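Here is the structure we will look at, set down as structure tokens.
Throughout, read-outs are computed from the coordinates displayed, never taken from laboratory work. This is a predicted model, so every value here is computed, not measured. Cβ placement follows ideal geometry from the backbone for every residue including glycine, while neighbour counts extend to all protein chains displayed.
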Amino acid sequence: MSLLPVTFASANYDRFHALQDGRVSPEGIDLNFLSLPVEETFYRQLKFEEFDVSEMSLSSYVLTLNQPDPTFTAIPVFPSRYFRHQTMFVNTNSGIESPSDLVGKRVGLPEYQITAGVWQRGMLQDQYGIALQDMSFFTGGVETTGRSEKLSFNLPDGVSLHPINEDQTLSQMLSAGELDAVFSASVPPCFYTDAHVQRLFPQYKAVEKEYFQQTGIFPIMHVVVIKRDLLERNPWVAKSLMKAFNQSLQYAKEDLLYRSSLKVMLPWLADHVEETQAALGQDYWTYGIEANRTVLETFLRYSHEQGLANKRWAPEDIFHRSISSSYVI
């Protein structure tokens, strides 16, 4: 039996290592794994549709569903999850000491549509009562010039959004006081060089644990997408990949729990794993729809409320039809 050649582009995550080194082989598939930085993968896939399967920003993927004939569909495999309180930065000269002080302030974003920003704005609204219209947003590169939105969308009424100049970066503007805050997925370089640039939530771990206790949400950042034309010809590919990704995830979990030696260069890895499980539960990183329903429903609500998704999607709507909510490997 000949195998179907499939190219998969993603970052080099521990949860995918078993797919890279051959411990897991998707049934019927000859997988060509390309390890690329996430920004490169997203750009090449959204701009040129280069890969059969790829990691993709959850927000960008949901935006592609606005198209009459979307190029991609997804399976509920989540390469990246991240609490985003820790990547909200402020200039203390702006008088921001708590989320309520963001009202009337200038906030920099790499792009309005990035997943981190959707979660950050939604969390501020739900947890602290800060509406989109309470801030003015400015978009551009965090540390490099020339970044612009990858996809189009329709802003809600009253939302102020402006691109920064071609020669400016968000980090420089935050340090100079030309922005009051930056919400990003990365740490702006000025955080390490300017004492006036601080996190909005300095004790972010405690805040993020409390957020999880209140909401049950460990935010999903990225999803795995497959070209629809590939699935139209080979609909079995979705379940084959879903099964393989789950198997690879189990290997990564076993590695974290291995105690005879350190597979990761962290001397207190065991303590960190125990702390994480105490805060988030034993099985805190899972794939599938039902186990992640609250997270997905919340994100899809935010996407619609923030003027990104044209409709309020249900989780079942955004994944391949063969992966139902009750699907279990």
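Details
- Rounded to the nearest 20 debye, dipole of the chain from Cβ charges on Lys, Arg, Asp, Glu: 540
- Prolate/oblate/rounded call for the stretch 232-329, Cα gyration tensor, a/c under 1.5 rounded: oblate
- The value of relative contact order for the stretch 85-215, using C-alpha pairs under 8 Å at least six residues apart, is 39 percent.
- Computed log10 I(q)/I(0) for the stretch 85-215 at 0.13, 0.15, 0.18 Å⁻¹: -0.49, -0.66, -0.96, from the Debye equation with unit scatterers placed on every C-alpha and solvent omitted.
- Of all DSSP-defined beta bridges confined to the chain, some 45% are antiparallel rather than parallel.
- Angle in degrees between helix 237-257 and the longest Cα principal axis of the chain, rounded to the nearest 10: 70
- Contact order, relative form, for the chain: 26 percent (alpha carbon pairs under 8 Å, 6 or more residues apart, mean separation divided by residue count).
- Sites residue 258 and residue 195 - FRET efficiency at Förster radius 41 Å, r taken between beta-carbons, to 0.05: 0.50
- FRET efficiency for the pair residue 81 and residue 311, taken as 1/(1 + (r/R0)^6) with r the Cβ-Cβ distance and R0 = 25 Å, rounds to 0.50.
- Sequence of 119, 313 once ranked by neighbouring C-beta atoms within 10 Å, starting from the fewest: 313, 119
- What separates the Cα centres of the stretch 16-88 and the stretch 204-275 is a distance of 14 Å.
- Estimated [θ] at 222 nm from DSSP helical runs (n ≥ 4, -39500 (n - 2.57)) normalised by residues in the chain, nearest 500: -10000 deg cm²/dmol
- Each residue in 302, 192 was given a count of other beta-carbon atoms within 10 angstrom of its own, and listing them fewest first yields 192, 302.
- Within straight-line cross-link reach of residue 243, lysines at Cα separation under 27 Å, skipping those fewer than 8 residues along the same chain: 227, 253, 263
- Of all DSSP-defined beta bridges confined to the stretch 85-215, some 40% are antiparallel rather than parallel.
- Net charge, residue 12 excluded, C-beta distance under 12 Å - Lys, Arg +1, Asp, Glu -1: -2
- 0 to 90° range, to nearest 10: angle between helix 204-215 axis and the chain longest Cα axis: 70
- Proximal charge balance of residue 1 [Cβ under 14 Å; K/R count +1, D/E count -1]: -2
- Taken about its Cα centre, the stretch 95-230 carries a charge dipole of about 420 debye when Lys and Arg each add +1 at the Cβ and Asp and Glu each add -1 at the Cβ.
- Set of aspartates and glutamates with alpha-carbon distance to residue 239 below 13 Å, sequence-local pairs under 8 removed: 27
- Neighbour net charge for residue 266 - beta-carbon separation under 15 angstrom, K R +1, D E -1: -3
- Taking the longest Cα principal axis of the chain as reference, the axis of helix 269-280 is set at about 80 degrees.
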